[in-house]
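Structure first, then comments.
The values are calculated or read from the model by the stated rules, or taken from the named source; none is laboratory data. Every value quoted in this text rests on a predicted model; they were computed, and no experiment measured them. Virtual Cβ from ideal backbone geometry, glycine too; neighbours counted across all protein chains shown.
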Amino acid sequence: MSESPDARRYRALFLSDIHLGTKGCQAELLLDFMKYHDADVIYLVGDIVDGWRLRSSWYWPQRHNDVVQKLLRKGRKGTRIVYLPGNHDEFLRDYYGSHFGGIEVMETAIHEAADGKRYLVIHGDVFDVVVRHAKWLAFMGDWAYSAALMANTYVNRVRRKMGLTYWSLSQWAKLKVKNAVNYIGKFEEAVADEAKRNSVDGVICGHIHHAVIHDQFGVRYVNCGDWVESCTAIAEHDDGRMEIICWTRNLKAAPDSESDLVEGQAQAAA
């Protein structure tokens, strides 16, 4: 049963890179999203909790706890919840095959959509050369990224006072830097190749905070995006169609109340 009479129910929802435990996490927006979206199964596609940051400094406001409680409540009401840890929550990789409050912890999953297409579901950090072979550099990049998110917060405070909509400075900068764009393309190709090796029709992943659906590498590539910049999720409809849902478009920056929260225009796959 949905928690809200206005909630939409999908066959599956895919969420990644929430980064609970960081100041950049858009927990308020995620809570509102979950209020109006339900599914038979919810996949948590890694980096849900940011263990890297929590090890260095503890940050866990009530809203972050509310996100965990909301997910657990959905599980109690019958939603299957599958957690596939990423690099930031790698501490959970010691618990593959375990259940916590009804949440299944798995390394990878194969999701069969309503149209018969099979998708490999994986966070994707194992295809990131920096994370695999130069972890110290990944940590440095993480701190630089956090600084960009902090700047993003101040930019949107100004935009809110001007009556403008939410806008991600860090996401804009990432997509304007040639090396970052090249990195995204190489990552997507590597993950698509893994889907081919697993003889599936597509892959659903996270890690690079860039929501997209395309078929450029011979299989369907689906990235969930994140909940620190773009606030996006992937939804599977009853006919198997995959859709990107953006929960910030047409929103005022840093909404002050639920009345400010308006669902963004969904970006559907072709």
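Please work out if Gly24 is part of a loop (DSSP other than H, G, I, E, B), of a type in the set (Gly, Ala, Ser) and surrounded by 14 or more Cβ atoms within 10 Å (Cβ to Cβ).
On the way: part of a loop (DSSP other than H, G, I, E, B): yes; of a type in the set (Gly, Ala, Ser): yes; surrounded by 14 or more Cβ atoms within 10 Å (Cβ to Cβ): yes.
Against the criterion (part of a loop (DSSP other than H, G, I, E, B), of a type in the set (Gly, Ala, Ser) and surrounded by 14 or more Cβ atoms within 10 Å (Cβ to Cβ)), Gly24 qualifies.
Residues in the stretch 55-67 that are in contact with a strand residue (DSSP E or B) (Cβ under 9 Å, 6 or more places away or on another chain) and either among the small types (Gly, Ala, Ser) or crowded, with 17+ Cβ neighbours inside 10 Å (or both): His64, Val67. Inside the stretch 71-83, residues that are closer than 16 Å to Leu31 by Cα and without any contact (Cβ under 8 Å) to a residue 40 or more places away in the chain make up a count of 3. The sole residue among Arg11, Arg73 that is at pLDDT 95 or above, over 17 Å from the mean Cα position of the chain (by Cα) and under 23 Å from Glu243 (Cβ atoms) is Arg11. Taking the numbered list (1) surrounded by 21 or more Cβ atoms within 10 Å (Cβ to Cβ); (2) in a strand (DSSP E or B) in turn, Val41 passes all entries but (1).
In this structure, Ile234 qualifies as touching a residue at least 12 places away in the same chain (Cβ under 8 Å), touching a Leu at 6+ places or on another chain (Cβ under 8 Å) and surrounded by 21 or more Cβ atoms within 10 Å (Cβ to Cβ). The set of residues in the stretch 71-106 being touching a Leu at 6+ places or on another chain (Cβ under 6 Å), of a type outside the set (A, V, I, L, M, F, W, C) and surrounded by 13 or more Cβ atoms within 10 Å (Cβ to Cβ) consists of Tyr83, Pro85.
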